[in-house]
Amino acid sequence: MQRLCTLLAAALAVLVVLPAAPAAAKRTVPRGFYAVMWDRDATKAPMAEQQSQWGLMARSGVESLRTVFSWAQAQPEPLVTNYTYTDRVVGLAAAHNIDLLPVVRTTPSWAALNPFAPGSPPRDPADYTAYLRLLIERYGPDGSFWAEHPE
């Protein structure tokens with residue numbers, strides 16, 4: 001009996017001196033600090049795999065994500081904009097409560113200063129500005145994407 005009391009007293013002492021759970025710790029970094037990059041093969045994976053990866057990121061504490069929005073991919077021709085990729089990524093981010101930091105790059109050949117040089121800047125910066133405005137009109141706070149996807 002004395003041995004049982006000694007074991008119980010030791011177990012109680014251990015419980016008393018254990019530190020508080022990490023969840024109780026005060027946060028010292030801003031929201032969005034825990035971030036990842038979404039690119040290359042991940043963006044081409046089947047949708048089921050992408051959904052799974054976004055869920056895993058959200059459960060693991062990812063709060064923000066950086067990805068490339070390719071101007072060349074979205075506007076292969078002037079005045080024609082394809083939102084397939086950007087809609088998918090914005091939708092996944094919203095569904096998983098992950099902030100998105102898009103990096104808009106890659107001038108389409110029709111707008112490039114030198115259409116044969118990878119990484120060429122636009123011939124006319126107004127073309128790039130026009131594409132950025134389209135993105136804002138679609139994904140900004142009152143954008144058409146949110147009207148089409150109220151969920």
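Across segment 95-150, the number of residues qualifying as among the charged types (D, E, K, R), within 22 Å of the chain's Cα centre (by Cα) and part of a loop (DSSP other than H, G, I, E, B) comes to 1.
Just so you know, in segment 44-74 the residues that are part of a helix (DSSP H, G or I) and closer than 19 Å to LEU135 by Cα include one that is farthest from the chain's Cα centre (by Cα), and it is ALA72. Report yes if THR86 is in contact (Cβ under 8 Å) with a residue 12 or more places away in the chain, surrounded by 18 or more Cβ atoms within 10 Å (Cβ to Cβ), within 24 Å of GLU148 (Cβ to Cβ) and not hydrophobic (A, V, I, L, M, F, W, C), otherwise no. Yes.
Mind counting the residues in segment 25-76 that are of a type in the set (A, V, I, L, M), surrounded by 14 or more Cβ atoms within 10 Å (Cβ to Cβ) and free of Cβ contacts under 8 Å to residues at least 40 places away in the same chain?
If we filter segment 25-76 for residues that are of a type in the set (A, V, I, L, M), which is where we start, we get 25, 29, 35-37, 42, 45, 47-48, 56-58, 62, 65, 68, 72, 74.
Checking the rest, the ones that are also surrounded by 14 or more Cβ atoms within 10 Å (Cβ to Cβ) come to 35-36, 42, 57-58, 62, 65, 68, 72, 74.
Subset that is free of Cβ contacts under 8 Å to residues at least 40 places away in the same chain: 36, 42, 62, 65, 68, 72.
Residues in segment 25-76 being of a type in the set (A, V, I, L, M), surrounded by 14 or more Cβ atoms within 10 Å (Cβ to Cβ) and free of Cβ contacts under 8 Å to residues at least 40 places away in the same chain: 6 in total.
The residues of segment 34-43 that are hydrophobic (A, V, I, L, M, F, W, C) and in a helix (DSSP H, G or I) amount to a single one, ALA42. If you scan segment 96-115, which residues turn out to be open to solvent by 80 Å² or more (accessible area, probe 1.4 Å) and more than 16 Å from GLU77 (Cα to Cα)? Selection gives ASN97, LEU101.
Within segment 127-144, can you find the residues that are open to solvent by less than 60 Å² (accessible area, probe 1.4 Å), free of Cβ contacts under 8 Å to residues at least 60 places away in the same chain and not polar (S, T, N, Q)? Spell out how you get there, then give the answer.
Going through segment 127-144, the residues open to solvent by less than 60 Å² (accessible area, probe 1.4 Å) turn out to be 127, 129-132, 134-135, 138-140, 143-144.
With free of Cβ contacts under 8 Å to residues at least 60 places away in the same chain added as a condition, the list becomes 127, 129-130, 132, 134, 138-140, 143-144.
Result: ASP127, ALA130, LEU132, LEU134, ARG138, TYR139, GLY140, GLY143.
When we screen PRO118, PRO108, PRO102, PRO125 for residues that are touching a Phe, Trp or Tyr at 6+ places or on another chain (Cβ under 8 Å) and more than 30 Å from PRO30 (Cβ to Cβ), the only hit is PRO108.
The values are calculated or read from the model by the stated rules, or taken from the named source; none is laboratory data. Worth saying up front: this structure is predicted, and the values here are computed from it rather than measured. Neighbour counts run over all protein chains shown; Cβ positions are idealised from the backbone, glycine included. Ligands, DNA and RNA are excluded from the accessible area calculation, which covers all protein heavy atoms including side chains. Shrake-Rupley method; radii C 1.70, N 1.55, O 1.52, S 1.80 Å.
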